[in-house]
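Notes follow the structure.
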Amino acid sequence: MTRIAPAWIVVGATSLGGCGDVQSALAPAGDEASRVALLTWILFAGAAVILLIVGVALVLAMMGSKRSRRFLASRRAIKLGGIAFPVVTLTILLGYGVWLMRETIATDRPAALRIEVTGEQWWWRIAYAGDQGQPIAEANELRIPVGREVDVVLRSSDVIHSFWIPSLGGKLDMIPGRTNVLRIKAERPGIYRGQCAEYCGGAHALMALELVAMSDAEFENWLKAAKRPAPGGTHDGPGAALFHSGGCGACHAIRGTKAAGVIGPDLSRIGTRRFLAAATIPNTPENLTRLITHGQTVKPGNAMPEFRIFSEQELRSLATYLTSLK
Ligand code: HEC
Ligand SMILES: [Cu+2]
């Protein structure tokens, strides 16, 4: 009996582990992603057929009859199989691909909802438009209504990043000094995971994000809450005092308080988010504490210094305050 090498089990398990549908181009939940998935399957099937033909030609070249071997070695076979076939196939595929993806980058017909997403090392700055067009800051979690077209306005404030939510569409680069617009539409409610798709330095692999697609009514409620001048929360407790005296406000903003820093993610509604540090760890009071004291272990290289100045009790108050911000 042959034994399966442990290495193969690891390879098999990790590649199958990628088959979940929270972050998969093969589990489309929007028009554009469906077109990408269709193109993927066509290319996969085409490549399989070509591989089969090449395999048969290889076997014939090695063990075939004299006649078939002579044909395969002829100039005619090389011109046909080596030049004509690839040129024709690739030209057809290119034309089909361009035609299929024609609507991907539509900027001449702006969508009613525009959300600005700016790449930062290593998190996502997000801004919705307020009633007077003023930016409503959020971070690391995108919320959109189902069935409505949304323009995601992509920029970068440092290096090149790339915005990619495989279930909703292709990826689009975020380039310093440039504005790229990606049109997305979620066909069904759900939570879709995305990932920075362009290497952007140390913590690139931990620069993920979540997109929550909600019903129209739920989204409108969420946006209304986001637009309030100050978030709900216990702003007069010990946690709030520690937040301000600890210097957190130098980098973070909480609307309606004196904390107005813009270096790190806006924390006005951190209590509503599912994850911390760009979808790196679930948002729980324990993880909030861990991020404050051991952030460089949680997300090595990230731009927030570790704070070991608080007692256990103080950390609990801080976490309680942050969790209350909704
Ligand atoms: C020098 C600037 C700086 C200071 C000071 C700072 N932070 Fe941060 N903080 C950051 C940056 C940058 C990030 C984003 C890290 C990442 O994900 O790459 C962050 C992330 C966070 C997050 C996660 C936000 C999210 O959207 O996931 C929390 C919570 C947080 N900080 C709390 C605090 C608290 C509490 C303090 C004070 C004890 C503090 N920070 C002080 C820069 C700072
Ligand atoms: Cu990146």
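Here the condition is being more than 16 Å from ligand 2 (Cβ to nearest atom), over 20 Å from His244 (Cα atoms) and among the hydrophobic types (A, V, I, L, M, F, W, C); of Ile281, Ile292, it holds for Ile281 alone. Take the residues of region 181-214 that are without any contact (Cβ under 8 Å) to a residue 60 or more places away in the chain and over 12 Å from the mean Cα position of the chain (by Cα): which is farthest from ligand 1 (Cβ to nearest atom)? In this case the residue turns out to be Pro189. Please specify each residue of region 227-243 satisfying the condition of being away from ligand 1 (no atom under 14 Å from the Cβ) and not in a loop (DSSP other than H, G, I, E, B). Within region 227-243, Lys227 is the sole residue that qualifies.
Applying the criterion of being of a type in the set (S, T, N, Q) and under 21 Å from Pro231 (Cβ atoms) to the residues of region 119-163, the residue that is nearest to ligand 2 (Cβ to nearest atom) is Asn140.
Going residue by residue through region 252-262, is there one that turns out to be part of a helix (DSSP H, G or I), crowded, with 18+ Cβ neighbours inside 10 Å, away from ligand 2 (no atom under 16 Å from the Cβ) and small (Gly, Ala, Ser)? Within region 252-262, not a single residue is part of a helix (DSSP H, G or I), crowded, with 18+ Cβ neighbours inside 10 Å, away from ligand 2 (no atom under 16 Å from the Cβ) and small (Gly, Ala, Ser). Looking at region 121-158, which of its residues are surrounded by fewer than 17 Cβ atoms within 10 Å (Cβ to Cβ) and farther than 19 Å from Glu32 by Cβ? If the condition is that a residue be surrounded by fewer than 17 Cβ atoms within 10 Å (Cβ to Cβ) and farther than 19 Å from Glu32 by Cβ, then Ala129, Gly130, Asp131, Gln132, Gly133, Gln134, Pro135, Ser157, Asp158 are the ones that fit. Screening Pro238, Pro300, Pro229 for residues that are more than 26 Å from Gly169 (Cβ to Cβ) and within 16 Å of ligand 2 (Cβ to nearest atom) leaves exactly one candidate, Pro300. Picking from residues in region 299-326 that are more than 9 Å from ligand 1 (Cβ to nearest atom) and closer than 15 Å to Gly264 by Cβ, the one that is surrounded by the most Cβ atoms within 10 Å (Cβ to Cβ) is Leu325. Residue pairs whose Cβ atoms lie under 9 Å apart, separated by 6 or more positions or on different chains, with the first residue in region 128-153 and touching a residue at least 40 places away in the same chain (Cβ under 8 Å) and closer than 13 Å to Leu223 by Cα and the second assigned to a loop (DSSP other than H, G, I, E, B) and hydroxyl-bearing (Ser, Thr, Tyr), are Ile136/Ser268; Ala137/Ser268; Glu138/Ser268; Pro145/Ser215. Summed over region 188-202, residues that are aromatic (Phe, Trp, Tyr) and away from ligand 2 (no atom under 15 Å from the Cβ) total 1.
Residue check: is Gly249 part of a loop (DSSP other than H, G, I, E, B), within 16 Å of ligand 1 (Cβ to nearest atom) and either of a type outside the set (A, V, I, L, M, F, W, C) or in contact with an Asp or Glu (Cβ under 8 Å, 6 or more places away or on another chain) (or both)? Taking the combined requirement at face value, the residue does not satisfy it.
Looking at region 1-113, the helices (runs of 4 or more DSSP H) lying wholly inside it that each contain 2 or more residues that are surrounded by 11 or more Cβ atoms within 10 Å (Cβ to Cβ) and modelled with pLDDT of 90 or more sit at 31-63, 66-73, 85-100. Within region 85-127, the set of residues being polar (S, T, N, Q) and in contact (Cβ under 8 Å) with a residue 12 or more places away in the chain comprises Thr89, Thr104, Thr107, Thr118, Gln121.
The values are calculated or read from the model by the stated rules, or taken from the named source; none is laboratory data. Remember, it's a predicted structure, so these values are computed and weren't measured experimentally. Because the Cβ atoms are built from the backbone with ideal geometry, glycine has one as well, and the counts that use them run over all protein chains shown.
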